[in-house]
């Protein structure tokens, strides 16, 4: 059955699945963040949420997890968009001068370099609640009972909060040795975990299935980042010291490329092992398999730039 | 019929506030525990448990009880409102915003923990507020909790706190602003969260739509009232009396009610807003409405 799954994975057209969803998610996000008075803050929010070339990996994973259990795409879209909003909020704040002090993000100037530090803080502060508001006001109540919506809200809040991504960012800033795994899991694993879990929650998955999605999503989130670090190191554009220092908490920087490649392989195996538990859902699990291989192989380019 | 019989018992506002604030403080203390990473949680707790009069959480609970709910139904929401309020203060005090060193008589969060932690602690409080309502509210149907979450979210973002802050920042030093701009700032910066507090309480307590809307109007009036009084105090009191930097509106060349209407005009406006607010409560059971009536009077007459 492992080989059958492998077959599914290779036959499944992830590129079409992904690009179709990106178009729909981008369209929803465009409508969810209109420009109103006071325009400046909406423009700052849109700048980051609608950044060109965004891969929309969290929303796509959320939709795929929801569809795995027979949930409707319509049930998942509002949460999928919310994931992108809270993710953008976290990234805007991570880039601030008092944090990572990054001047660019996704190949564009970072939010605060365009709109100012004050607007960037406020744009983040507004995107978090907008995400929650979007879920509660747009999720069709005939498709998703309110009790499930509450679990989704709690899940997203936990993921971005003081024991989740905020903890990862804090530990990354603090420095200190031997925390690379923990920091990576918090900074990059949480979003993957949360995305997969929310999809399952919306579709009414069982608790043991949610736990499985949790481990799967976390592994894929970290895997994606580890491979990013490896690709960046291999492309070997020499980085200035400043930037190197900030990238201290990557597997490549701490253990070197070879060990990072081993970690990536372990993560790929772990993610797929979790998916074996969903075999009874047949080919609907194919998108989740293909994310794992895509994270490693990057077989096609999604979006307009990486 | 006896001499002891008091036909119109006076409401003891002071002991009501003390008792409610005490319960809220205990609930807040329990809600954010010291966990790893310790420094973020210390930072969250530093500002969240820094005292303050807990006006917003008490409003939330009072509204819940007014429509027939129990305190316990509104307590997680009351705490969430205070978390949001605290988060907005932490971020407002940052050097890139209002650059304040003093808050509630203590050094501001970033002065103690650094700017990076202050930003993260604020973000974490914001997120936790939603988590707390979603998982800790008991005795209320999920549908009502979801409705409360929608209201809370609205009161924070670009239709609430953030919108007020944006227009406030942009208005500094501008000469051609009028009462409409000032109202927009305060309806969003201050009134939105007070409205959220009252409306969340009313929804969670099981209020009818009509009751919720009456209380919403009440909250909007006391929200503006709160700011008018704040502006008056900023020019009439010292930093020591306020527990925060006095006169900073003048220094920052901010638009204020005294600047537009004069001190006397501002006081007259405050009086009208208080009257309009209490008008909304006239059809409720007056004994049950006593805490909200007293809260409105308290906001109107406070000295710091």
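A few points about this structure:
- Residue B:95, sole failed condition from (1) assigned to a helix (DSSP H, G or I); (2) within 11 Å of chain A (Cβ to nearest Cβ); (3) under 17 Å from residue B:112 (Cβ atoms): (1)
- Residue B:111 in a helix (DSSP H, G or I), more than 9 Å from chain A (Cβ to nearest Cβ) and without any contact (Cβ under 8 Å) to a residue 24 or more places away in the chain: yes
- Residues located in region B:93-128, provided they are in contact with a strand residue (DSSP E or B) (Cβ under 9 Å, 6 or more places away or on another chain) and closer than 12 Å to residue A:121 by Cβ: B:93
- Lone qualifier among B:233, B:273, B:225, B:281 - being at pLDDT 90 or above and not in a helix (DSSP H, G or I): B:281
- For region B:114-135, the condition of being farther than 16 Å from residue B:85 by Cα and more than 9 Å from every other protein chain (Cβ to nearest Cβ) holds for none of the residues.
- Per-region count, region B:136-154, residues more than 8 Å from chain A (Cβ to nearest Cβ) and either touching a strand residue (DSSP E or B) at 6+ places or on another chain (Cβ under 7 Å) or surrounded by 21 or more Cβ atoms within 10 Å (Cβ to Cβ) (or both): 4
- Scan of region A:132-155 for residues that are at the interface with chain B (Cβ under 8 Å from one of its Cβ atoms) and closer than 11 Å to residue A:82 by Cα, ordered by number: A:132, A:133, A:136, A:153
- Restricting attention to region A:106-130, the residues that are more than 9 Å from chain B (Cβ to nearest Cβ) and crowded, with 20+ Cβ neighbours inside 10 Å total 3.
- Those residues of region B:27-38 which are part of a helix (DSSP H, G or I) and in contact with a helix residue (DSSP H, G or I) (Cβ under 6 Å, 6 or more places away or on another chain), in sequence order: B:27, B:28, B:31
- Of the helices (runs of 4 or more DSSP H) lying entirely inside region A:97-177, those containing at least 3 residues that are within 21 Å of the chain's Cα centre (by Cα) and at pLDDT 95 or above are A:117-138, A:146-160.
- Residues of region B:281-298 that turn out to be touching a residue at least 24 places away in the same chain (Cβ under 8 Å) and over 20 Å from residue B:16 (Cβ atoms), as a count: 1
- Any chance residue B:215 is assigned to a helix (DSSP H, G or I), within 24 Å of residue B:71 (Cβ to Cβ), over 11 Å from the mean Cα position of the chain (by Cα) and in contact (Cβ under 8 Å) with a residue 40 or more places away in the chain: yes
- All positions within region B:24-57 that are away from every other protein chain (no Cβ under 14 Å) and surrounded by 18 or more Cβ atoms within 10 Å (Cβ to Cβ): B:24, B:25, B:27, B:28, B:52, B:54, B:55, B:56, B:57
- For region B:160-191, a residue qualifies if it is within 11 Å of chain A (Cβ to nearest Cβ), under 18 Å from the mean Cα position of the chain (by Cα), buried (at least 19 other Cβ atoms within 10 Å of the Cβ) and without any contact (Cβ under 8 Å) to a residue 40 or more places away in the chain, and the qualifying residues are B:160, B:162, B:163, B:164, B:188.
The values are calculated or read from the model by the stated rules, or taken from the named source; none is laboratory data. None of the values given here were measured: they were computed from a predicted structure. So basically every Cβ, Gly included, is an ideal-geometry build from the backbone, and we count neighbours across all protein chains shown.
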